[in-house]
Amino acid sequence: MKKEFSNKTALPIAKVNYHFTNRCNYFCQHCFVDKTKPEIPLSQKFLVIDHIKEYFEELHCKGTINLVGGEPTLSPDFGPLLSHATKQGLNVGTVTNGSALTPEFFARYGSLLSEIGLSIDSLNPALNRLFGRCDIQGKVNTREHWYRVAEQIHLHGIRLKINICLAQMNCNDDFTNFLEKVKPDRLKVMVLSIVAGVNDKLADQKPTQEQVEAFVARHKAFNPVVENDGEMQNAYVMVNSRGMLCINDQGIEKELKNLVENRLVSEDLSLIDPHKYFKRYNKT
Ligand code: SF4
């Protein structure tokens, strides 16, 4: 029998990750996104945001929507959705591979974003290409590009998060000098997670516990937060590119409700384990 959790906690669940697009210009081998899945038109995406906003209003809190993907910043819908959500009074964050973070991007959107998560698995171009963290021409982000991006993020008062997916191939990397320069507010180390039928060809790339501990020890000055297998289960509120509320329930992704047509209500989040959720977000 499935376990349901009571969300009657002192703090509301007020962060929703909206994966509004699956499209991406990169080919990361560890990626879970099915880039062939369809997405709804912009007018329906606005409705999804409105229905999430109504849920936050009921909670009497200023909630956060993370506009994520795929690669959100390449979508023509990114600007309209960001603008729509901020006009509704929501905090908006994003997670990006950084390839489209130009000075023009910051001139247009810098004042609207509250947090940017940069996915940086390595500073070694050859290793990034091995990861598939590059475009179709093999173009990768240079260290200098990241410095310029971090400077813009800080200039605009945006919270900077850096996400590193840790595998065997990058577990000996040392980001110390880089992190000292870019000064992230949060460093998150996501241990490579293997999902059958999705990225199981990388099974031998999973780092050992000793390798994870050595990487964390090397970067302890930046208080890395480690996310292991299973920590997103029952702790991550997600809306997919078709506007469906989804929750990973003990390893099984469940589509729970169409948020184009319906409002999000607290009862929809009964599969979220509040203790796990708050532990995760307090850390991240
Ligand atoms: S940048 Fe993100 S969405 Fe794109 S391929 Fe890599 S992990 Fe997947």
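The values are calculated or read from the model by the stated rules, or taken from the named source; none is laboratory data. Please read all numbers here as calculations on a predicted model, not as lab measurements. FYI the Cβ positions are ideal-geometry reconstructions off the backbone, even for glycines, and counts take in every protein chain you see.
Can you name the residue in region 87-98 that is away from the ligand (no atom under 13 Å from the Cβ) and either in a strand (DSSP E or B) or in contact with a Leu (Cβ under 7 Å, 6 or more places away or on another chain) (or both) and is also nearest to Leu202 (Cα to Cα) among such residues? Let's see the steps before the verdict.
Going through region 87-98, the residues away from the ligand (no atom under 13 Å from the Cβ) turn out to be 87-93.
Then drop every residue that is not either in a strand (DSSP E or B) or in contact with a Leu (Cβ under 7 Å, 6 or more places away or on another chain) (or both), which leaves 91-93.
Working: Asn91: 36, Val92: 33, Gly93: 29 Å.
Once the filter is applied, the top-ranked residue is Gly93.
Mind checking whether some residue in region 247-263 is within 30 Å of Arg143 (Cα to Cα), in contact (Cβ under 8 Å) with a residue 24 or more places away in the chain and over 21 Å from the mean Cα position of the chain (by Cα)? Steps first, please.
Filtering region 247-263 for residues within 30 Å of Arg143 (Cα to Cα) gives none.
For region 247-263, residues within 30 Å of Arg143 (Cα to Cα), in contact (Cβ under 8 Å) with a residue 24 or more places away in the chain and over 21 Å from the mean Cα position of the chain (by Cα): absent.
Give the residue that is farthest from the chain's Cα centre (by Cα), with candidates limited to residues of region 186-205 that are in contact (Cβ under 8 Å) with a residue 60 or more places away in the chain and closer than 17 Å to Ile153 by Cβ.
Arg186
Is at least one residue of region 111-125 part of a helix (DSSP H, G or I) and touching a residue at least 40 places away in the same chain (Cβ under 8 Å)? Don't jump to the end; show me each part of the working.
Going residue by residue through region 111-125, those that are part of a helix (DSSP H, G or I) are 125.
Right, trim to touching a residue at least 40 places away in the same chain (Cβ under 8 Å) and you get none.
The answer is no; no qualifying residue exists.
Restricted to region 56-76, and to residues that are buried (at least 20 other Cβ atoms within 10 Å of the Cβ) and away from the ligand (no atom under 16 Å from the Cβ), which residue is farthest from Tyr281 (Cα to Cα)?
Phe56
Give the residue, chosen from Leu47, Leu101, Leu82, that is more than 30 Å from Gln168 (Cα to Cα) and either within 16 Å of the ligand (Cβ to nearest atom) or in contact (Cβ under 8 Å) with a residue 40 or more places away in the chain (or both).
Checking each option against the conditions leaves just Leu47.
Would you say Gly93 is modelled with pLDDT under 95 and not polar (S, T, N, Q)?
Judged against the criteria, Gly93 is not a match.
Of all residues in region 24-60, count the ones that are aromatic (Phe, Trp, Tyr) and either under 17 Å from the mean Cα position of the chain (by Cα) or assigned to a loop (DSSP other than H, G, I, E, B) (or both). Spell out how you get there, then give the answer.
The initial filter retains those residues of region 24-60 that are aromatic (Phe, Trp, Tyr), namely 26-27, 32, 46, 55-56.
With the extra rule that they be either under 17 Å from the mean Cα position of the chain (by Cα) or assigned to a loop (DSSP other than H, G, I, E, B) (or both), the set shrinks to 26-27, 32.
The qualifying residues number 3.
Check whether at least one residue in region 14-23 is of a type in the set (Lys, Arg), at pLDDT below 95, under 19 Å from the mean Cα position of the chain (by Cα) and away from the ligand (no atom under 16 Å from the Cβ), and report yes or no.
yes
I'm checking my understanding of the structure. Among residues of region 106-130 that are more than 16 Å from the ligand (Cβ to nearest atom) and not aliphatic (A, V, I, L, M), which one is surrounded by the fewest Cβ atoms within 10 Å (Cβ to Cβ)?
Ranking the candidates gives Ser111 first.
Could you tell me how many of the residues in region 146-163 are under 17 Å from Val216 (Cβ atoms) and surrounded by 22 or more Cβ atoms within 10 Å (Cβ to Cβ)?
Applying the first criterion (under 17 Å from Val216 (Cβ atoms)) to region 146-163 yields 161-163.
Still in the running and surrounded by 22 or more Cβ atoms within 10 Å (Cβ to Cβ): 162.
Count: 1.
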